[in-house]
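Peer 1: Can you read through this structure? Questions will come right after.
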Amino acid sequence: MNKYYEGIRMLTFPTFNDNGYIEVEGCKDVPFEIKRIFYIFGKGNVGTVRGKHSNRKSEFVLFNVKGKSKVKTIDENRNEVVYELNEPNQAVYLPKYVWKEMYDFTEDSVLMVLTNEYYDATEYIRDFDEFAAEMKAEA
């Protein structure tokens, strides 16, 4: 398993009062300055697997603000770990060089993704064999 996988961890965001208020701050609740936010809606993705890539620079924090989904991480040796995201204050942190797949979206799912980088298509690794080769070369 590569050194980046050791950094994967679950995060719990602080919940304030009983009214369901959650606040997330960059460099405090997530381990980076937030530069980009995007959403994946369950309605159009039920039965779909999203992601299927790794990133050379981007780190991610993923959590469901509504509904449920799963995030599968796969290392270069094809070892898999699945994280279930079903509470709005529970998130998974993924460092760079982690192969990720998001799936099992409920119809009402809204998966929020925070990242430390602006979008740059050149930093994506979309072929698993290329990803595995880069990880093995780095070891």
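Peer 1: Filter segment 59-107 for residues that are closer than 18 Å to LYS43 by Cα and among the polar types (S, T, N, Q); which is surrounded by the fewest Cβ atoms within 10 Å (Cβ to Cβ)?
Peer 2: For segment 59-107, the residue satisfying everything is ASN86.
Peer 1: Then there is this: List the strands (runs of 3 or more DSSP E) inside segment 39-86, counting only whole elements, that have at least 2 residues being touching a helix residue (DSSP H, G or I) at 6+ places or on another chain (Cβ under 8 Å). So that I can check it myself, show each step before the final result.
Peer 2: Details: elements: 50-55, 60-66, 69-74, 80-85.
Those strands (runs of 3 or more DSSP E) span 50-55, 69-74.
Peer 1: Separate question: Can you spot a residue in segment 88-105 that is outside any helix (DSSP H, G or I) and more than 15 Å from the chain's Cα centre (by Cα)?
Peer 2: Within segment 88-105, none of the residues are outside any helix (DSSP H, G or I) and more than 15 Å from the chain's Cα centre (by Cα).
Peer 1: Just checking, how many residues over segment 1-25 are outside any loop (DSSP other than H, G, I, E, B), modelled with pLDDT of 90 or more and surrounded by 16 or more Cβ atoms within 10 Å (Cβ to Cβ)?
Peer 2: So the count comes out to 1.
Peer 1: Another question, if that's okay. Filter segment 116-127 down to residues that are touching a residue at least 60 places away in the same chain (Cβ under 8 Å) and not in a loop (DSSP other than H, G, I, E, B) and give me whichever is farthest from PHE32 (Cα to Cα).
Peer 2: Step by step, filter segment 116-127, then rank; the result is ILE125.
The values are calculated or read from the model by the stated rules, or taken from the named source; none is laboratory data. This is a predicted model, so every value here is computed, not measured. Reconstructed Cβ throughout: ideal geometry from the backbone, glycine too, with neighbour counts over all protein chains shown.
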